[in-house]
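Working notes for the structure below.
The values are calculated or read from the model by the stated rules, or taken from the named source; none is laboratory data. Predicted, not measured: the structure shown is a model, and the values here were computed from it. Counting neighbours? That spans all protein chains shown, and the Cβs are built from the backbone with ideal geometry, glycine included.
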Amino acid sequence: MKLKLVPARRGAGWARQGISVFFRKPIAFCLLILIVLFAGPLLLLAAPLASLGFMIATRRALEGRMPHPGVFIEPLRASAVQRGAQLRLGLGYALAAGLALWLALGVGGTALENLGEAMRAGGASPDEMQKLLDDPSVQSARLLLMGCIALLAIPFWHAPALVHWGRLGAAQALFYSTVACWRNKGALGVFMLSWWAISMVMALVWMPVAMLLGLSPFSMGTLAPVVVILSAAFYASLYFTYADSFEPDPTPEETPS
């Protein structure tokens, strides 16, 4: 696999491509994200495999085929070496993410529990929710968790795809993913900022609509459709970050004499 360098503005293009491919098969992509969300405690272990599954789903959609839940087990049909590497990636991610979550819960304590109860109940007013969100313990826990997950995402960003399509070992894949993310950090930064902006726009549009309908804009039930759509479109865009960052070595038939 050869690393490709892309300009920072390409990050916005990745987000646009993700939205475009999502709307080709919106129901299929939403179904896939629901499967991932319902994985529950298994999500930490399966997170690298889930991101790769969405990359495979995006390739299928680009080819005009229907993405289906089988994309999540397709990587496990590869060679025994590749399966072992994927499982090691999953275990490593689960351990690291679990540690980050444990640290955040320790910092947030009772404040996080109160916030969770208010979101599940769905009866809190916007002012009450804002007061809970502004709690210093909640803010510290959120920043700690976000920082840990951001650092963890770098080696795991491309690693599952490098194992699947590049046939690298787990350690090699983590290393080259880190190098690629660093070399294309400008584009990845713009990519994440683009999705942050899209999320803010969606929230600004959805909150007044929910209030006009008499719904609590902060309840999990009200936010669920927005979260599912945004998450599905985001994951649909991951393939483009990989495809633009690497190119496979030419096969002997393609190598010029």
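Can you report the number of residues in region 131-170 which are within 17 Å of the chain's Cα centre (by Cα), surrounded by 21 or more Cβ atoms within 10 Å (Cβ to Cβ) and part of a helix (DSSP H, G or I)?
Within region 131-170, residues that are within 17 Å of the chain's Cα centre (by Cα), surrounded by 21 or more Cβ atoms within 10 Å (Cβ to Cβ) and part of a helix (DSSP H, G or I) number 6.
Which of (1) of a type outside the set (D, E, K, R); (2) in contact with a Phe, Trp or Tyr (Cβ under 8 Å, 6 or more places away or on another chain); (3) closer than 25 Å to Val107 by Cβ does Ala180 not meet, given it meets every other one?
(3)
Hey, any hits in region 100-118 for a residue that's under 30 Å from Leu144 (Cβ atoms), within 19 Å of the chain's Cα centre (by Cα), at pLDDT 85 or above and part of a helix (DSSP H, G or I)?
Restricting attention to region 100-118, the residues satisfying the condition of being under 30 Å from Leu144 (Cβ atoms) are 100-118.
Imposing the further condition that a residue be within 19 Å of the chain's Cα centre (by Cα) reduces the set to 100-101.
From the residues that got through so far, the ones that are at pLDDT 85 or above too are 100.
So of that shortlist, the ones also part of a helix (DSSP H, G or I) come out as 100.
The answer is yes, given that some residue of region 100-118 is under 30 Å from Leu144 (Cβ atoms), within 19 Å of the chain's Cα centre (by Cα), at pLDDT 85 or above and part of a helix (DSSP H, G or I).
Residue by residue through region 48-70, note down the ones that are in contact (Cβ under 8 Å) with a residue 24 or more places away in the chain and not in a helix (DSSP H, G or I).
Listed by number, the residues that qualify are Met66, Pro67, His68.
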